[in-house]
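Step one of this worksheet: look at the structure below.
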Amino acid sequence: MKLSPLQTARYQYVPKLPGMLRNGISEICVKNGGATESVADQEKIKALFPNTYGKNEITFQKGQNTSEAKKQVVGVILSGGQAPGGHNVVCGLYDALKATNKENVLLGFKGGPSGLLEDSYIELTDEYVDQFRNTGGFDIIGSGRTKLESEDQFAIAAEVCKKHGVTAIVIIGGDDSNTNAGVLAEYMAAHNTGVQVIGCPKTIDGDLKNEDIECSFGFDTATKTYSEIIGNIARDANSAKKYWHFIKVMGRSASHVALECALETQPNICLIGEEVAAKKMSLAQIADYIADSVAARAAKGWNFGIAIIPEGIVEFVPEFSMLIAEINELLAGEKTAQFNALPTWKDKYAFIENGLSKDAMAVFAILPESIQQQLFLERDPHGNVQVSLIESEKLFSALVADNLAARKAAGTYNGKFSTLHHFLGYEGRCAFPSNFDADYCYSLGYNAFMLIQYGYTGYLSKVSNLSKPAEEWVAGGMPITKMMNIERRNGEDKPVIRKALVELDGKPFKFFEAHRAEWALETCFVYPGAIQYFGPAEVCDLTTRTLALEKGE
């Protein structure tokens, strides 16, 4: 296989570990913190996790290693969507495992959690692992979205582990995957299987985050990748001076990616879903807000600009959420087949008009026809609208165009409004990890094995103090149950890790809020350029603007 020069160079990069993990395996000991409780619904969570609830947080520090010396056979699973740095988690886990005992074994279960259920795996070796160091993607073992959540699945997983003498499983994933890791850990403990389960926090969306998890891995690289592209588009806009670019970015349930990209590039407009929800903004109000910027810039002779739109923005708009809920009911059960059998869109529109409430229909009627039809595309497995298929960047540009047409008719606007549309998603999920993500992920994997070696289960690998140089990072673990609350899922109460939304009183949003009026009017674009891997630390190891602002730096 022919390698690019960058790929060859990245193989040779040596990730930086937290100072406390650099002492050698024999000189790493445990410092116990306080007992923990879940973020909410404490009694319910405690009842569901009697064997793994309320454990202490721990940190590793320099000292005599007191863990039990035994051969470990560890299984590793990549779960969910790809995020830059996943390979380095596996590499860090592998290196720590082999440094502890050359006889230790790492099994990579292929294709995500289904690999564990189907007993599909590869034994990882030096030669194989070395091909993936510091590279993007999850192709080392593949990933998948199978959920580990039923007793039958747990029983199969326990049998597969018993068959291969597996002593621990490491699940690398987001909030749902780590929720599953916590539930699996409880099952393994309750049934005395001797199998430990450790999670690692992954998601480019940035919503697996709390006072303990300062940043999920992949967020840094993905947002830097998107920001480079947004900066390139902004420079083109400022050169051609004739287009408004509407750019949708990843973030179904939270707007962390949009906010970070805005802090990096200073666009004219960036919608934050959490603010839209808090202010109960309507589609018309959002369109008016964007149109104000377009009109004000046009008055200065600038008929161009940049608008960043989070992927899940429509779900934060109360009237749109109401519309989606009614559509889900309208097409429940056999009604989907009845609707799909109608021969023309005119017939389908009449069916919709007859089935929706007056308020919901009023919202539906103002949507462009293309968006109306997207709301009736293939349903998800639960029979619901697939919101991610809605081209919200085109929705808002169309609503703004209508708004500006009305202003032009009233004589209050006389500019030009030409639009181009972009969706930045897959471009960032498998990029070469930044130095930050390469270091952070390697540390998470290395640290995960230390948790295994010391006998912990139901814990998340945790590395904090991330805004500082890696030497000052703090490695340890926290019980997964600490992040859980009870939510209603598919008609049942389920323990789940609480998603972290953008905090409207947090420093990153407050900084954005303080500057966005100027950005909306003026041309303040920042052009971040490509991720830098070689050079001074202040350029190459730079953390996200979000994390720097949160830490007051």
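The values are calculated or read from the model by the stated rules, or taken from the named source; none is laboratory data. Treat the numbers as computed from the prediction; the structure is a model and nothing was measured. FYI the Cβ positions are ideal-geometry reconstructions off the backbone, even for glycines, and counts take in every protein chain you see. Surface accessibility is based on the protein's heavy atoms, side chains included, excluding ligands, DNA and RNA. Shrake-Rupley method; radii C 1.70, N 1.55, O 1.52, S 1.80 Å.
Do you know which residues across region 296-328 are free of Cβ contacts under 8 Å to residues at least 12 places away in the same chain and either surrounded by 13 or more Cβ atoms within 10 Å (Cβ to Cβ) or of a type in the set (Phe, Trp, Tyr) (or both)?
Ser321, Ala325
When region 478-501 is examined, which residues are found to be among the β-branched types (Val, Ile, Thr) and either open to solvent by 30 Å² or more (accessible area, probe 1.4 Å) or under 23 Å from Pro15 (Cα atoms) (or both)? Before the answer, list the steps.
Residues of region 478-501 that are among the β-branched types (Val, Ile, Thr), as a first pass: 480-481, 486, 496-497.
Within region 478-501, just Ile486 meets the criteria.
Taking region 452-461, which residues are open to solvent by 10 Å² or more (accessible area, probe 1.4 Å) and small (Gly, Ala, Ser)?
Gly455
Can you tell me which residue in region 21-51 is nearest to Arg498 (Cα to Cα), limited to those that are of a type in the set (A, V, I, L, M) and either open to solvent by 70 Å² or more (accessible area, probe 1.4 Å) or touching a Lys or Arg at 6+ places or on another chain (Cβ under 6 Å) (or both)? Show your work before the answer.
Narrowing region 21-51 to residues of a type in the set (A, V, I, L, M): 21, 25, 28, 30, 35, 39-40, 45, 47-48.
Now restrict to residues that are either open to solvent by 70 Å² or more (accessible area, probe 1.4 Å) or touching a Lys or Arg at 6+ places or on another chain (Cβ under 6 Å) (or both): 35, 39, 47-48.
On the way: Ala35: 19, Val39: 8, Ala47: 18, Leu48: 16 Å.
Top of the filtered list is Val39.
Kindly list, by first and then second residue, each pair from a residue in region 130-155 that is within 27 Å of Met188 (Cα to Cα) and of a type in the set (A, V, I, L, M) to a residue that is in a loop (DSSP other than H, G, I, E, B) and open to solvent by less than 40 Å² (accessible area, probe 1.4 Å), limited to pairs with Cβ atoms under 9 Å and residues at least 6 apart or on different chains.
Matching pairs, first to second residue: Ile140/Leu124; Ile141/Gly111; Ile141/Gly112; Ile141/Leu124.
Being of a type in the set (Gly, Ala, Ser), more than 30 Å from Leu148 (Cβ to Cβ) and buried (at least 22 other Cβ atoms within 10 Å of the Cβ) is true for just one of Ala470, Ala438, Ala475. Which residue is that? Please lay out each step first, then the result.
Numbers: Ala438 fails: more than 30 Å from Leu148 (Cβ to Cβ); Ala475 fails: more than 30 Å from Leu148 (Cβ to Cβ).
Sole residue among the options that is of a type in the set (Gly, Ala, Ser), more than 30 Å from Leu148 (Cβ to Cβ) and buried (at least 22 other Cβ atoms within 10 Å of the Cβ): Ala470.
Return only the number of the condition from (1) crowded, with 21+ Cβ neighbours inside 10 Å; (2) of a type outside the set (A, V, I, L, M); (3) farther than 26 Å from Thr146 by Cα that Thr66 does not satisfy.
(1)
Let me spell it out: the conditions are (1) open to solvent by less than 40 Å² (accessible area, probe 1.4 Å); (2) in contact with an Asp or Glu (Cβ under 6 Å, 6 or more places away or on another chain), and Phe449 meets all of them except one. Which number is the exception?
(2)
Per-residue answers, yes or no, for (1) in contact with a Phe, Trp or Tyr (Cβ under 8 Å, 6 or more places away or on another chain); (2) at pLDDT below 95; (3) open to solvent by less than 20 Å² (accessible area, probe 1.4 Å); (4) not in a helix (DSSP H, G or I):
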residue: Cys161; (1), (2), (3), (4): no, no, yes, no
residue: Ile169; (1), (2), (3), (4): no, no, yes, yes
residue: Asp176; (1), (2), (3), (4): no, yes, no, no
residue: Ala181; (1), (2), (3), (4): no, no, yes, no
residue: Leu184; (1), (2), (3), (4): yes, no, yes, no
residue: Tyr187; (1), (2), (3), (4): yes, no, no, no
residue: Gly194; (1), (2), (3), (4): no, no, no, yes
residue: Ile198; (1), (2), (3), (4): yes, no, yes, yes
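If you take the residues in region 274-295 that are within 29 Å of the chain's Cα centre (by Cα) and open to solvent by less than 20 Å² (accessible area, probe 1.4 Å), which one is farthest from Pro318 (Cα to Cα)?
Applying the filter and picking the extreme gives Ile290.
Is it fair to say Glu260 is surrounded by fewer than 23 Cβ atoms within 10 Å (Cβ to Cβ), under 19 Å from Phe219 (Cα atoms) and not polar (S, T, N, Q)?
Here the answer is no, as Glu260 does not meet what is asked.
Quick one: Ile352 ticks every box in (1) farther than 29 Å from Lys279 by Cβ; (2) open to solvent by less than 70 Å² (accessible area, probe 1.4 Å); (3) part of a helix (DSSP H, G or I) bar one, so which box is it?
Answer for Ile352: the failing condition is (1).
Just one of the numbered conditions (1) open to solvent by less than 40 Å² (accessible area, probe 1.4 Å); (2) without any contact (Cβ under 8 Å) to a residue 60 or more places away in the chain is not true of Ala96; which one?
The number of the failed condition is (2).
Across region 243-279, what is the total count of residues that are β-branched (Val, Ile, Thr) and more than 21 Å from Ile390 (Cβ to Cβ)?
Of the residues in region 243-279, the ones β-branched (Val, Ile, Thr) are 247, 249, 257, 265, 269, 272, 276.
Subset that is more than 21 Å from Ile390 (Cβ to Cβ): 265.
So the answer is 1.
Cβ-Cβ below 7 Å, separation at least six or inter-chain, first residue in region 284-295 and more than 16 Å from Thr419 (Cα to Cα) and of a type in the set (A, V, I, L, M, F, W, C), second open to solvent by less than 10 Å² (accessible area, probe 1.4 Å) and part of a helix (DSSP H, G or I): which pairs?
Filtered contacts from region 284-295: Ile286/Val276; Ile286/Phe396.
Among the residues of region 200-252, how many are surrounded by 24 or more Cβ atoms within 10 Å (Cβ to Cβ) and in a strand (DSSP E or B)?
Here the count works out to 9.
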